[in-house]
Amino acid sequence: MNDLPMVRLILARHGEADGSREYRFNGSSDVALTPYGEAQARLLADALFPLAPVAIYSSPLARASATAETIAARTRLPVHVLPDLREQSYGVWERLTAAEARQHDPERFAAWSAGRPIAPPAGELLSAVRQRVVASVGELAERHAGETVVLVAHVGPIKVLLCSALGLPLSGVRRFWIDPASYSVVDWRAGPDGEQLSMVRAINVVTHLAGLSR
């Protein structure tokens, strides 16, 4: 595997979903795209078409799969569902805003917000998200060596992949902003003993959305 050429990963976030504008913890909840998010997805599909992907992989959650299907219609590629691309589960904070989660459990929310390695109540550790996402990408790197693939996912999976590619600790997720219907580009390959030999080419590209109005 270490001698294989890199796979180019197009890390696409889904379009605006119900609750996105309020910054709700949608997490593992299956919420739909808004009409604006559907329009964003069409522009994202147009932007990704010239990058010539050979495959599309998507989180199973509705907001991601709908975005992936829009990209698939433009590229004429099938969508492969990859469960490990799903968003982090926020447990009892699901569908709450940050203010509501803070009110619900102020001490735990303060510790979590400060980057301590704890999960939301009944939720998922960020380290568990990284473990499943990086493992899946490692398999894709073997399957698609030298090719370009689109991964339609969420803020959490995209951020942990960027941290892994850059060799950052998980606390680094707070240093990235990932907009709805944005995309980032990473050339990915695992080196000896599992370390990452990756190159980040772009983060949070949104120029394709510039002319979109509500």
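The values are calculated or read from the model by the stated rules, or taken from the named source; none is laboratory data. Keep in mind that this is a model prediction, so the values were computed, not measured. Every residue, glycine among them, receives a Cβ derived from its backbone with ideal geometry; neighbour counts consider all protein chains shown. Note: accessible area is taken over every heavy atom of the protein model, side chains too, but ligands, DNA and RNA are not part of it. Shrake-Rupley method; radii C 1.70, N 1.55, O 1.52, S 1.80 Å.
Assorted remarks:
- In the stretch 21-66, the residues that are open to solvent by 20 Å² or more (accessible area, probe 1.4 Å) and among the hydroxyl-bearing types (S, T, Y): Y23, S28, S29, T34, Y36, S65
- Of all residues in the stretch 85-96, none are surrounded by fewer than 17 Cβ atoms within 10 Å (Cβ to Cβ), on the phi < 0 side of the Ramachandran plot and out of contact with any Gly (no Cβ under 9 Å at 6 or more places or on another chain).
- Residue, surrounded by the fewest Cβ atoms within 10 Å (Cβ to Cβ), within the stretch 128-146, restricted to residues that are in contact with a helix residue (DSSP H, G or I) (Cβ under 6 Å, 6 or more places away or on another chain) and within 12 Å of V160 (Cα to Cα): R132
- Among residues of the stretch 107-117 being within 16 Å of F25 (Cα to Cα) and not small (G, A, S), the one that is least open to solvent (accessible area, probe 1.4 Å) is F109.
- For the stretch 155-211, the set of residues classified as surrounded by fewer than 22 Cβ atoms within 10 Å (Cβ to Cβ), β-branched (V, I, T), part of a helix (DSSP H, G or I) and at pLDDT 95 or above consists of V155, T207, listed by residue number.
- Yes/no for G115 being modelled with pLDDT of 95 or more, in a loop (DSSP other than H, G, I, E, B) and either in contact with a strand residue (DSSP E or B) (Cβ under 9 Å, 6 or more places away or on another chain) or over 30 Å from L51 (Cβ atoms) (or both): no
- Take the conditions (1) on the phi > 0 side of the Ramachandran plot; (2) in contact with a Pro (Cβ under 8 Å, 6 or more places away or on another chain); G115 misses just one of them, which is (2).
- For the stretch 67-84, taking the residues that are among the hydroxyl-bearing types (S, T, Y) and open to solvent by 20 Å² or more (accessible area, probe 1.4 Å), the one that is nearest to H154 (Cα to Cα) is identified as T70.
- Residue in the stretch 2-17 that is more than 19 Å from V186 (Cβ to Cβ) and exposed (fewer than 14 other Cβ atoms within 10 Å of the Cβ) present: yes
- The lone exception for Y23 - which of (1) of a type outside the set (A, V, I, L, M, F, W, C); (2) under 17 Å from the mean Cα position of the chain (by Cα); (3) at pLDDT below 95; (4) more than 21 Å from W177 (Cβ to Cβ) it fails: (4)
- When E107 is tested against (1) without any contact (Cβ under 8 Å) to a residue 12 or more places away in the chain; (2) in contact with a Gly (Cβ under 9 Å, 6 or more places away or on another chain), just one condition goes unmet, and that condition is (2).
- If you go through the stretch 1-42 and keep only what is small (G, A, S) and either in contact with a His (Cβ under 6 Å, 6 or more places away or on another chain) or under 20 Å from I158 (Cα atoms) (or both), you end up with A12, G15, A17, G19, S20, G27, S28, S29, A32, G37, A41.
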